[in-house]
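Below: the structure, in structure tokens.
The values are calculated or read from the model by the stated rules, or taken from the named source; none is laboratory data. On a predicted model such as this, the values are computed, not experimentally measured, just so you know. With ideal geometry, Cβ positions are generated from the backbone for all residues, glycine too; neighbour counts draw on all protein chains shown. Note: areas computed on protein heavy atoms with side chains; ligands, DNA, RNA excluded. Shrake-Rupley method; radii C 1.70, N 1.55, O 1.52, S 1.80 Å.
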Amino acid sequence: MTEKDKEFMRRAIALAQNGIERNDGGPFGAIVVKNGEIVAEGNNRVTSTNDPTAHAEVVAIRNACESLGTFQLDDCTIYTSCEPCPMCLGAIYWARPKQVFYACTREDAAEIGFDDHFIYDEIEKPIEQRHIKSVNFLRDEGLNVFENWVNKTDKTEY
């Protein structure tokens with residue numbers, strides 16, 4: 001790692017600390033960097049905003065996309081104080097940064113009560129065996145909207 005990488009990671013860790021001092025949420029922070037500059041920051045805000053999706057990485061991604069005026073983070077790097085959870089990992093893949101650096105591991109997070117292993121387990125199960133019941137219905141009507149998307153000529157591809 002370079003000294004600049006260490007500086008960026010220390011900023012993500014500082015955001016995690018600042019967030020817990022403000023009672024924003026859990027001990028997690030993240031930044032998005034492009035061309036060697038921080039373009040966005042975020043810390044966990046789950047409990048302060050009553051938003052279960054307000055994880056540090058998601059907050060930072062939202063802020064970066066707004067700042068850069070784009071829905072993809074090509075040529076960006078995310079630095080996060082902890083290995084991303086499954087939701088954040090999904091958001092990261094959708095945002096398409098070039099790489100992610102993290103400090104603590106998911107095992108470290110589990111040791112302090114932030115265990116997301118059950119989600120990884122749920123993903124592996126067939127839908128009918130998952131803890132939260134999922135019911136498929138009105139598929140034909142839903143597929144009409146998909147067909148409209150396929151036929152739309154002025155859409156923004158992603």
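A few notes on this one:
- Looking across segment 124-158 at every residue that is farther than 26 Å from Phe71 by Cα and in a helix (DSSP H, G or I), the one that is least open to solvent (accessible area, probe 1.4 Å) is identified as Ile127.
- Pairs, first without any contact (Cβ under 8 Å) to a residue 12 or more places away in the chain in segment 15-43, second crowded, with 17+ Cβ neighbours inside 10 Å, C-beta under 7 Å, six or more apart: Ile20/Pro27
Residue-wise test of (1) open to solvent by less than 30 Å² (accessible area, probe 1.4 Å); (2) of a type in the set (Ser, Thr, Tyr).
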position: His55; (1), (2): no, no
position: Val58; (1), (2): yes, no
position: Glu66; (1), (2): no, no
position: Phe71; (1), (2): no, no
position: Asp74; (1), (2): no, no
position: Tyr79; (1), (2): yes, yes
position: Pro97; (1), (2): yes, no
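- Any hit, segment 107-128, residues being touching a residue at least 40 places away in the same chain (Cβ under 8 Å) and touching a Ser or Thr at 6+ places or on another chain (Cβ under 9 Å): no
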